[in-house]
Amino acid sequence: RIKEIAVQIKKDDPNEQRELLLKCASTALSSKLVARQKDFFSKMVVDAVLSLDELLQLNMIGMKKIQGGGLEDSQLISGVAFKKTFSYAGFEMQRKQYKDPKIALLNIELELKAEKDNAEIRLDNVAEYQAVVDAEWTILYEKLEKIHVSGAKVVLSKLPIGDVATQYFADRDMFCAGRVEEQDLRRTMRACGGSIQTTTASLT
C-alpha cells in the first residue's frame, strides 16, 4: 500500500524537486510559532538546504537570533555569519569588505594582560620591572608581525583581541574580530579550508 501511494521525486527536474521541498518545509512549519510566515521561512529553509553539498553537511547551517525587529527581517546569508564582537576604537577604521582574502583562524589571545596561570616575579629594582614589561610588548608585537607577514587580511580569534592589536591591524588594512564563537570559527574552517591555529609560530 505504501508503494502504491508513494510520491516519486524526480531529482533530474530541479524545479519539481524544489516545489516538493517547499511543500514539505511549509507543512513542517504549520505547527510552529512562525506558522503565519511559513511561506517566507519555507523558501529560506529550502534555499539554505539546497546550497549544501557533499563537503558542506547539514550542521553547517547555523542560526543567529537577534533581539528586536520583525520575523520577516530574517535573512539568509550565503556564507558564514557571526555576531558583531566586542571591539575597540581601531575597529571602526578597519575595512569591512575584501575580495578573496586570506583568513587567519586563531585560538590565540592578542592583548596585554595578566597570565591565566598564577605567576610570581620577584624584582629588586625598576629596571627589572621595565625589562618584564618590554618583554610582554615584544612578545605581542612578534605575534602581530607574524600574522601580518602571513598575508592574512581577515583575522578571527576565539580569544580576545585587545586595543593595541586592533589598531595594529587597522593601520595595515586588516580586519580583526576577537571572541568569535568556536562554532562559527569551525564553520569558517570547513567552508574555506584550513585549520584553527593555536600559535603564530607556524603561520605561513
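The values are calculated or read from the model by the stated rules, or taken from the named source; none is laboratory data. Nothing here was measured: the structure is a model prediction, and the numbers come from that model. FYI the Cβ positions are ideal-geometry reconstructions off the backbone, even for glycines, and counts take in every protein chain you see. SASA here: full protein model, heavy atoms, side chains in, ligands and nucleic acids out. Shrake-Rupley method; radii C 1.70, N 1.55, O 1.52, S 1.80 Å.
For the chain, the per residue solvent-accessible surface stands at 73 Å², with DNA, RNA and ligands left out and a 1.4 Å probe.
Over the residues of the chain, compute the C-alpha Rg and express it relative to 2.2 N^0.38 Å. With N residues counted in the chain, Rg over 2.2 N^0.38 Å equals 1.44. Shape analysis of the stretch 116-167 places it in the prolate category; the axes a ≥ b ≥ c from the Cα gyration tensor give an a/c of at least 1.5, with a/b above b/c. Here the stretch 1-60 and the stretch 139-176 have alpha carbon centers that stand 42 Å from each other. Under a 5 Å amide H cut-off, with hydrogens placed 1.01 Å from N, Gln197 pairs with Leu105, Leu106, Asn107 among residues at least 5 apart or on other chains. Legend: residues Val45, Val126, Val164, sorted from most to least accessible area (1.4 Å probe; ligands, DNA and RNA excluded), read Val126, Val45, Val164. Rounded to the nearest 500, the 222 nm mean residue ellipticity of the chain from helices alone is -12000 deg cm²/dmol, with -39,500 (n - 2.57) taken per DSSP H run of at least 4 residues.
Near the amide H of Cys176, within less than 5 Å, lie the amide hydrogens of Val155, all on another chain or at least 5 residues away, with H placed in the peptide plane. Using only the alpha-carbon atoms, how far is helix 182-192 inclined from the longest principal axis of the chain? Give it as 0 to 90 degrees, nearest 10. Roughly 70 degrees between the two axes. When each of the peptides 149-157, 5-13 is scored by how many other beta carbons lie within 10 Å of its residues on average, the order from highest to lowest is 149-157, 5-13.
Annotation: Ser78 carries an accessible surface of approximately 120 Å², with a 1.4 Å probe and no ligand, DNA or RNA atoms counted. Karplus-derived 3J(HN,Hα) values for the stretch 169-175, using 6.51 cos²θ - 1.76 cosθ + 1.60 with θ = phi - 60°, are 5, 4, 5, 10, 6, 10, 9 Hz; glycine and proline are entered as x.
The figure for Ser31 is an accessible area of roughly 100 square angstrom, using a 1.4 Å probe on the protein chains alone. Normalised by 2.2 N^0.38 Å, where N is the number of residues, the alpha-carbon radius of gyration of the stretch 45-125 equals 1.74.
Straight Cα distances below 18 angstrom link Lys65 to the aspartates and glutamates Asp73, Glu181, Glu182, Asp184, with same-chain residues fewer than 8 positions distant left out.
Annotation: Glu4 carries an accessible surface of approximately 140 Å², with a 1.4 Å probe and no ligand, DNA or RNA atoms counted. Here is the list for the stretch 21-107: trypsin sites (Lys or Arg not before Pro) lying in DSSP coil, each with at most 16 other C-beta atoms within 10 angstrom of its C-beta, are Lys32, Lys64, Lys65, Lys83, Lys84, Arg95, Lys96, Lys99, Lys102. Computed from phi, the 3J(HN,Hα) profile of the stretch 151-163 under the Karplus parametrisation 6.51, -1.76, 1.60 (θ = phi - 60°) reads x, 5, 9, 10, 10, 10, 10, 6, 9, x, 10, x, 5 Hz, with x in place of Gly and Pro.
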